[in-house]
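> For reference, the structure I am asking about is given below.
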């Protein structure tokens with residue numbers, strides 16, 4: 001009798017695991033995890049460019065203009081879903097858009113960009129995911145809004161939707177450009 | 001009005017499912033013929049209302065009724081009519097309705113083709129199927145109503161996801177669902193046997209054709225899905241080990257183990273408890289797949305909108321169905337191992353190894369699929385495992401299967417003469433080694449796994465042909481091949497073709513991304529590709545850039561390919577449409593990349609030898625499954641079972657004789 005209960009026991013463990021999965025998903029609103037980075041300077045990074053692997057781009061070089069850092073990968077299906085939104089809705093906002101190709105083979109990334117189009121002003125590569133760890137990236141796509149002083153102002157985990165571009169991203173960008181205007185005026 | 005009627009029909013179907021579940025099972029346990037007689041009419045009634053509901057949703061799509069939220073989300077005015085049909089099952093709610101429709105078709109088929117079975121058995125079988133239908137209907141009505149209105153109605157809908165706008169999608173989900181929903185029949189027979197306490201081998205014989213047919217459909221569905229992914233996703237890959245694919249592959253692996261263990265149980269009486277367990281597992285994994293795909297637990301990483309209520313409901317239902325079955329199993333499963341004894345060298349042992357390997361493979365896929373979740377649970381973070389893990393482990397587990405499979409038919413039950421089998425199979429081994437050497441000599445660049453592939457495929461393929469020849473020579477005319485045996489030969493031959501396809505494609509595909517100027521010619525894999533530039537093309541609901549590429553060899557034209565990059569009107573989504581020149585021995589696959597300067601484009605070119613063999617092997621396996629299911633023995637037995645024990649089965653060894661209408665033991 002006991003050994004006939006083994007399958008049931010294993011199954012109950014499995015149900016426990018799946019139940020945990022549901023609980024985890026409902027209690028971790030994946031797209032709304034407050035990032036400890038918000039309001040703090042973006043982690044320093046110096047990463048090679050995807051299309052000119054011998055050149056690098058560092059966070060310091062980006063000071064002066066606000067930018068969006070979009071973490072993506074050719075292996076990431078949601079990035080594919082997000083892609084038309086980047087092209088169609090975020091690019092027209094006029095803010096500098098930097099792609100961070102995360103944990104990816106450069107050849108795959110190039111192929112991906114060729115296939116779907118390039119919404120980025122510049123693409124940098126983080127092959128081993130070190131910079132991703134510094135930024136606290138835990139899934140792709142993930143997007144950081146960094147202001148002209150290099151401070152992270154907003155973070156989005158998961159893909160953008162038209163709603164949260166309108167309600168969250170756009171006000172934040174306006175705030176930044178507004179601040180810049182005030183600073184620029186005196 | 002029509003959508004409301006559809007919803008009303010669903011509710012009526014739910015009530016009939018409840019009746020179909022409760023009354024016949026109650027009747028069977030009490031020996032009440034009136035209650036037992038409810039089973040068939042309840043099945044028919046439920047099916048009528050489910051067909052009506054499905055028809056109502058299809059009608060809403062054909063009429064473009066954008067006041068129905070589901071239609072508005074998955075169709076628009078520009079969508080061609082044939083994709084409006086497939087849009088019915090293009091998203092969660094409708095595909096659930098398809099699931100239910102197919103379950104009903106299976107139930108009707110069981111009800112219609114079971115006149116020869118004891119009434120109590122069929123009452124329990126249909127009752128179990130009714131319980132499953134009840135759960136899914138309740139799920140649809142409570143959490144995923146496809147008929148929910150969006151008022152006021154919209155002028156136009158969004159769009160069907162462009163990657164789903166393909167002829168492949170019209171066929172793929174129905175075939176796949178027919179496969180894994182079909183395992184519900186083997187499951188229902190197993191539960192009926194446990195409930196009735198009639199744990200002899202008769203139920204296995206009745207369940208075998210249904211299992212084979214379900215397995216054949218599942219094989220076809222998976223092969224179609226793989227083929228569809230190959231030409232639609234634009235990557236040239238044919239299998240991705242993605243959670244959704246794994247969800248359909250796990251039931252297939254367990255189903256493969258099940259059709260083999262059923263053969264042992266039916267013919268030898270052994271593996272009885274194991275066959276029960278596999279019947280439960282095969283369907284449980286189908287349910288688990290449904291859970292994984294729809295709860296958002298795993299796909300949430302891919303950020304599809306998901307509703308925790310749905311996940312909880314399926315989990316509760318899964319718990320009830322599988323937990324309940326395993327509990328009944330623990331209480332009722334045969335306490336003593338039955339069956340005839342067998343020696344180490346015997347067909348029985350080989351089938352045991354087969355079962356072990358396929359069950360391990362299914363467990364391996366399950367572990368890999370759930371790994372991100374396990375990572376969360378133990379606090380190690382959400383880590384997912386990818387194709388390297390699956391590919392390596394799967395090859396490791398299938399290698400012994402491939403090495404042993406030719407011996408299977410040559411080994412006798414109980415005790416085999418391995419020398420005779422070895423003598424018979426020696427030509428196959430020699431052929432395999434010689435062919436691998438010849439392949440190395442002809443294509444020196446072929447890597448090791450290509451050689452292993454050639455050798456393995458020939459070993460398996462030639463092995464099964466040698467067996468077919470031996471039967472042809474030694475058995476008297478008319479008794480050479482029973483359908484069951486012929487099905488086995490076809491399926492094993494399909495396995496050989498599949499192995500050849502996978503290994504050779506993986507080892508020798510040429511993939512390159514090239515910059516093509518207008519009218520430039522480049523040579524890849526011995527073929528010349530001439531790029532004729534890109535023009536604008538207009539589809540029914542999209543605009544496209546269409547490239548023209550002429551393929552030739554030594555000046556002889558082979559094909560003109562027209563890959564596209566499409567921009568769909570509805571959602572503004574882009575989609576790459578590759579173009580393929582298919583061939584039995586190689587595919588030429590071309591996809592358009594990005595425009596570069598001066599009318600030049602980047603173009604992806606693949607030359608994939610033997611890639612078709614992957615799906616061709618699948619087709620052989622499918623035909624094998626159907627052929628085996630057609631064996632008259634499975635249908636004739638029921639009459640015989642009433643008369644007495646069949647010579648090939650050991651009923652006499654078992655305390656329960658095969659008698660109809662025994663009620664609870």
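The values are calculated or read from the model by the stated rules, or taken from the named source; none is laboratory data. Just so it is clear, the model here is predicted, and its values are computed rather than measured. Here the Cβ positions follow ideal geometry from the backbone for every residue, glycine too, while neighbour counts run over all protein chains shown.
> Take residues that are surrounded by 20 or more Cβ atoms within 10 Å (Cβ to Cβ), within 14 Å of another protein chain (Cβ to nearest Cβ) and touching a residue at least 60 places away in the same chain (Cβ under 8 Å) and tell me which of the strands (runs of 3 or more DSSP E) falling wholly in the stretch A:58-153 contain 2 or more.
In the stretch A:58-153, A:67-72, A:142-146 are the strands (runs of 3 or more DSSP E) which contain 2 or more residues that are surrounded by 20 or more Cβ atoms within 10 Å (Cβ to Cβ), within 14 Å of another protein chain (Cβ to nearest Cβ) and touching a residue at least 60 places away in the same chain (Cβ under 8 Å).
> Still on this structure, please answer the following. If I go through the stretch B:330-367 residue by residue, how many of them are touching a helix residue (DSSP H, G or I) at 6+ places or on another chain (Cβ under 6 Å), farther than 26 Å from residue B:398 by Cβ and not in a loop (DSSP other than H, G, I, E, B)?
2
> What pairs come out if I take residues in the stretch B:262-280 that are in a loop (DSSP other than H, G, I, E, B) and pair them with residues that are crowded, with 23+ Cβ neighbours inside 10 Å whose C-beta lies under 6 Å away, six or more apart or interchain?
Correct list of pairs: B:269/B:201; B:270/B:264; B:271/B:261; B:271/B:264; B:271/B:265.
> Additional query: Taking the conditions exactly as written (part of a helix (DSSP H, G or I), surrounded by fewer than 24 Cβ atoms within 10 Å (Cβ to Cβ) and free of Cβ contacts under 8 Å to residues at least 60 places away in the same chain), does residue B:213 satisfy them or not?
No; evaluated as a whole, the condition is false for this residue.
> Moving on. Quick check: anything in the stretch B:572-581 surrounded by fewer than 18 Cβ atoms within 10 Å (Cβ to Cβ) and within 19 Å of residue B:162 (Cα to Cα)?
yes
> If you don't mind, another one. Within 14 Å of another protein chain (Cβ to nearest Cβ) and under 20 Å from residue B:103 (Cα atoms): which single residue out of B:188, B:247 fits that description?
B:247
> Still on this structure, I have one more. Among the residues that make up the stretch B:632-648, is at least one of them assigned to a helix (DSSP H, G or I), crowded, with 20+ Cβ neighbours inside 10 Å and modelled with pLDDT of 80 or more?
Looking for residues that are assigned to a helix (DSSP H, G or I), crowded, with 20+ Cβ neighbours inside 10 Å and modelled with pLDDT of 80 or more, one finds at least one in the stretch B:632-648, hence yes.
> For the list (1) within 11 Å of chain A (Cβ to nearest Cβ); (2) modelled with pLDDT of 90 or more, I need the number of the one condition that residue B:286 fails.
With respect to (1) within 11 Å of chain A (Cβ to nearest Cβ); (2) modelled with pLDDT of 90 or more, residue B:286 is out only on (1).
> Something else about it: Applying the selection to the stretch B:6-48, what residues are more than 33 Å from the chain's Cα centre (by Cα) and farther than 17 Å from residue B:192 by Cα?
B:34
> Can you tell me which residues in the stretch B:97-112 are surrounded by fewer than 24 Cβ atoms within 10 Å (Cβ to Cβ) and either without any contact (Cβ under 8 Å) to a residue 40 or more places away in the chain or farther than 19 Å from residue B:214 by Cβ (or both)?
B:109, B:112
> Among the residues of the stretch B:345-367, which ones are more than 22 Å from residue A:22 (Cα to Cα) and within 14 Å of chain A (Cβ to nearest Cβ)?
B:359, B:362, listed by residue number.
> Would you confirm, using the coordinates I've provided, whether residue B:370 is within 14 Å of another protein chain (Cβ to nearest Cβ), in contact with a helix residue (DSSP H, G or I) (Cβ under 9 Å, 6 or more places away or on another chain) and at pLDDT below 95?
Judged against the criteria, residue B:370 is a match.
> So for the stretch B:450-469 (the condition being at pLDDT below 95 and more than 30 Å from the chain's Cα centre (by Cα)), does at least one residue qualify?
There is at least one residue in the stretch B:450-469 that is at pLDDT below 95 and more than 30 Å from the chain's Cα centre (by Cα).
> Among the residues of the stretch A:8-17, is any assigned to a loop (DSSP other than H, G, I, E, B), at the interface with chain B (Cβ under 10 Å from one of its Cβ atoms), out of contact with any helix residue (DSSP H, G or I) (no Cβ under 8 Å at 6 or more places or on another chain) and surrounded by 12 or more Cβ atoms within 10 Å (Cβ to Cβ)?
No.
> Ok, one more. Quick check on this structure: which one of B:303, B:330 is modelled with pLDDT under 85, more than 25 Å from the chain's Cα centre (by Cα) and facing chain A (nearest Cβ under 9 Å)?
It is B:303.
> Let me ask something else. Take the stretch B:195-206 and flag every residue that is more than 15 Å from residue B:271 (Cα to Cα) and part of a helix (DSSP H, G or I).
B:195, B:196, B:206
> Pick from the stretch B:57-72 the residues that are over 28 Å from the mean Cα position of the chain (by Cα) and part of a helix (DSSP H, G or I): which of them is nearest to residue B:140 (Cα to Cα)?
Result: B:69.
> Among all residue pairs at least 6 apart or on different chains, which show Cβ distances below 7 Å where the first residue, located in the stretch A:24-39, is modelled with pLDDT under 70 and the second is surrounded by 15 or more Cβ atoms within 10 Å (Cβ to Cβ) and assigned to a loop (DSSP other than H, G, I, E, B)?
Partner pairs satisfying both residue conditions: A:30/A:158; A:31/A:158; A:35/A:136.
> When the stretch B:575-595 is examined, which residues are found to be within 14 Å of chain A (Cβ to nearest Cβ), touching a helix residue (DSSP H, G or I) at 6+ places or on another chain (Cβ under 9 Å) and in contact (Cβ under 8 Å) with a residue 40 or more places away in the chain?
B:575, B:576, B:577, B:578, B:589, B:591, B:592, B:593
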